[in-house]
Amino acid sequence: MKPLLICDCDEVLLHMVRHFRTWLDEAHDIDFTIAHGDFSTAMTRRSDGSTVVRDEMWGMLDGFFPAEMARQTLVPHAREALAALAEQADIVILTNLKDHCRSHRIDQLAAHGIAHRVDCNQGGKGNPVAALVAEHGHPVTVFVDDLAVHHESVARHAPGVHRLHMISEPDLATVTPAAAHAHARIDDWRDARGWIAERFASGLPAAA
């Protein structure tokens, strides 16, 4: 039995926000402030200067996924890091997309040389992470995600999981503080790979 790596996709394995910004510009005449913590106040219509409200924001994201997913590009060193870590651990990609996007995400990642189990989720990731830990059975699990809210959720529902906060988009990373409920913040896969491997080698769950 191997340890388990549960890894997010957008802004961890694949760049998303820079391509979402380009699409909003081209298709909707909307400016998107990439270095902004809240998507629902980051979008402004050039026609009248109005802000895209939260419900409309979700509609924009639904327009991007899955139709515009081909725009997304691989995060540097992500493929190589996962390939190396797969020699030590089983890997699940836990992505917050609607279920109908699952096959698109699988194909998208495979096109970038990443082929692992993909689970879709909506909302906090604590419960699905806890379910994966129980299903897998190994004492060591590492969770990687770009959003602090998911680290908080995992800390609450699966406290024995090692939690790594990673934001691959530099413009977003520079304005986003480290997640309070993560054990570490590393934004480069070359360094993250070593940190994760050390957790696996320890054979120990995270201290609650």
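The values are calculated or read from the model by the stated rules, or taken from the named source; none is laboratory data. Just so we're clear, the structure is a prediction, and the values are computed from it rather than from any experiment. All Cβ positions, glycine included, derive from the backbone under ideal geometry; neighbour counts span all protein chains shown. The protein model used for the area step is the full one, side chains on, heavy atoms only, and it has no ligands, DNA or RNA in it. Shrake-Rupley method; radii C 1.70, N 1.55, O 1.52, S 1.80 Å.
The table below lists the values:
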| item | result |
| --- | --- |
| Qualifying helices (runs of 4 or more DSSP H) (wholly inside the stretch 96-208; at least 1 residues being farther than 25 Å from PHE65 by Cβ) | 126-136, 148-157, 189-202 |
| Close pairs (7 angstrom Cβ cut-off, 6 or more residues apart or separate chains): closer than 11 Å to ALA180 by Cα in the stretch 137-163, open to solvent by 10 Å² or more (accessible area, probe 1.4 Å) and assigned to a helix (DSSP H, G or I) anywhere | ARG163/ALA155 |
| Matching residues, the stretch 98-122, being touching a residue at least 24 places away in the same chain (Cβ under 8 Å) and more than 13 Å from LEU13 (Cβ to Cβ) | LYS98, HIS100, CYS101, HIS104, ARG117, ASP119, CYS120, ASN121, GLN122 |
| Hey, LEU172 over 22 Å from HIS19 (Cβ atoms) and of a type in the set (A, V, I, L, M) or not | no |
| Cβ-Cβ under 7 Å pairs, at least 6 apart or on other chains, the stretch 28-39 side part of a loop (DSSP other than H, G, I, E, B) and at pLDDT below 95, far side open to solvent by 60 Å² or more (accessible area, probe 1.4 Å) and acidic (Asp, Glu) | ILE34/ASP171; ALA35/ASP171 |
| Residue match in the stretch 123-141 (condition: polar (S, T, N, Q), open to solvent by 50 Å² or more (accessible area, probe 1.4 Å) and either under 26 Å from MET1 (Cβ atoms) or out of contact with any strand residue (DSSP E or B) (no Cβ under 8 Å at 6 or more places or on another chain) (or both)) | yes |
